[in-house]
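Colleague: Please find one structure pasted underneath; my questions will follow.
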Amino acid sequence: MTHVQTVRDTLLATAQTGSLLNARLMPSDPDDALRQVATSIDRTSLECRLQFTLSDKTEIALDARNRRLLQFSATSKDIHGVAAPTTRCISENGTEIAQQLRAILDGKTIIRQRFIDDPAIEFPATSGVSAALILQCLDHDPRPPAMVNLETVLTGLVATTPAKILGACVLTSEDIFVIDGSDEQVLAMVDLAKPVLGVAGTAASDRSCKFQTGGVCALNWGGPNPRQLLIANAAHQVGLVLVETDHGSDLLTELRSQLHRP
């Protein structure tokens with residue numbers, strides 16, 4: 001038997017029989033257990049079902065794809081194997097999904113993890129909840145987060161950054177607040193951002209293009225001069241900044257830091 005065959009057989013055996021992860025009898029911290037689950041999802045690219053067996057014999061089945069949780073269900077052996085309804089995961093309720101999983105894991109220890117390879121499994125079409133969002137929910141603060149004023153944040157960035165800002169504005173449901181740049185430039189920025197924001201009437205409005213509150217992304221701006229449009233999503237506000245590409249990544253990092261500053 002070659003080394004490659006040995007490795008392959010070992011992997012197949014692990015998939016069929018599972019791997020013992022924790023032999024402790026004391027319950028683990030639910031945040032630690034949830035972090036372990038989210039990390040496993042984060043390592044999953046192809047469609048698969050992950051099954052976690054807990055110390056009270058509860059089994060959690062999680063369907064994952066592309067580092068995202070698609071759906072999950074839990075079966076408790078203590079109540080005659082009755083399974084809870086399968087919960088379909090969507091990006092808008094990521095925090096709720098993390099709380100539900102944490103409640104199932106509370107007071108228990110993960111003792112076994114299995115990879116279930118069954119062609120009969122039907123994976124939903126939903127894009128699911130990212131493992132990163134579940135991990136982000138672990139670092140919760142019992143105090144309500146302070147409201148971010150994007151107008152203040154972007155005004156400060158424009159005034160202090162060495163990058164060349166070509167336009168900056170803040171959108172609300174009713175108004176556009178211009179911080180820097182001409183009206184024509186700002187309106188062009190808004191038009192480019194509309195598909196990402198899922199604005200009705202645009203070509204991409206039927207896609208799932210909304211991103212979570214507190215998120216920041218960058219779009220390449222076409223034309224002879226390389227530019228990037230940075231988009232920041234805060235509660236009830238969206239900030240847009242057009243910057244030269246050479247400074248886009250630095251400003252993106254700074255903007256993300258500003259939005260998540262306590």
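Colleague: When all protein chains stay in place, what accessible area (Å², nearest 10, 1.4 Å probe) is found for residue 158?
Modeller: Solvent-accessible area, nearest 10 Å²: 40 Å².
Colleague: Whole angstrom only: what separates the Cα centroid of the range 36-55 from the Cα centroid of the range 176-193?
Modeller: Computed from Cα coordinates, the inter-centre distance equals 43 Å.
The values are calculated or read from the model by the stated rules, or taken from the named source; none is laboratory data. Quick caveat: nothing in here was measured; it's all calculated off a predicted structure. These accessible areas exclude ligands, DNA and RNA; they are computed on the full protein's heavy atoms, side chains included. Shrake-Rupley method; radii C 1.70, N 1.55, O 1.52, S 1.80 Å.
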